[in-house]
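Asker: Sharing a structure with you now.
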Amino acid sequence: MSDAAGADGSRRLRVDLDVDPAADGGCPIVTEADEAADVAVNAAGEECVVDVTTPDGEVRRGTGEVDEDCLCHAFGRLGCAPHFRRVEDGTILVTAYVDDRAAVRGLVEELRGVVDRVRLVRLAVVKGPNATEQVTFDLSALTPKQRRGLELAVVRGYFDDDRDVRLSDLADELDISKSALSQRLRTAQAKLVTDIFDDAER
């Protein structure tokens, strides 16, 4: 991607975000399909034209009206070019390149003003003219359910040495069985550990 590194090959940050567009916004990226393996967006003037490729290879074209609440405009106001990668259950995975962590925070705050939900999935340092990446963290291998379970466990202190929260408490919050949550956490941890060691061996 042309904006991955600065013109002189300087350091930038790649940020991957899960974004849920506003339910009443009519964003054509999600109105055409809840699942998409590829998304191409052309927003010009007052109209946005989107080609969405479904997982089975069908290409669907949708159009929408461009306004200040559009996802693309939110990125543009901060000088970012969004790269829409896929859609899962109506959630868009989008990548952008920014100069520093303050810009990441600014982007997330800007998006929160126009979408229902935004969540940081991955942050990587991009260096050099060949735009090599060093991953800071990567949760993209996890399913949304695995991420929700893992995030709740971390926030509630389940992995702390002096924890006072039980697995059954977390399961109740997620409205699933204790065994189902236990399986999700084991699978999520296994994926993350495998990815860390795979990256270390490269």
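Asker: Go through 61-72, 142-153, 25-36 and give me the packing order, highest mean Cβ count within 10 Å leading.
Answerer: Those peptides, ordered most packed to least, come out 25-36, 142-153, 61-72.
Asker: Which lysines, if any, have their Cα less than 29 Å from the Cα of LYS178, not counting same-chain residues under 8 positions apart?
Answerer: LYS145, LYS191
Asker: Continuing with the same structure: Which of the peptides 167-175, 12-20 is most tightly packed, and how do the rest follow, going by the mean number of other Cβ atoms within 10 Å of each residue?
Answerer: 12-20, 167-175
Asker: Which whole-number value in Å² is the accessible area per residue of region 18-165, probe 1.4 Å?
Answerer: About 54 Å² of surface per residue is accessible.
Asker: I would also like to ask the following. Tell me which of THR63, GLY79, GLN183 sits at the most positive position along the dipole axis of region 40-190, charges placed on C-beta atoms (Lys, Arg +1; Asp, Glu -1).
Answerer: Of the candidates, GLN183 comes out farthest on the positive side.
The values are calculated or read from the model by the stated rules, or taken from the named source; none is laboratory data. Quick caveat, the model's predicted, so the values are computed rather than measured. Every residue, glycine as well, gets a Cβ built from its backbone with ideal geometry; the counts of neighbours run over all protein chains shown. Calculation scope for accessible area: heavy atoms of the full protein, side chains included, ligands and nucleic acids excluded. Shrake-Rupley method; radii C 1.70, N 1.55, O 1.52, S 1.80 Å.
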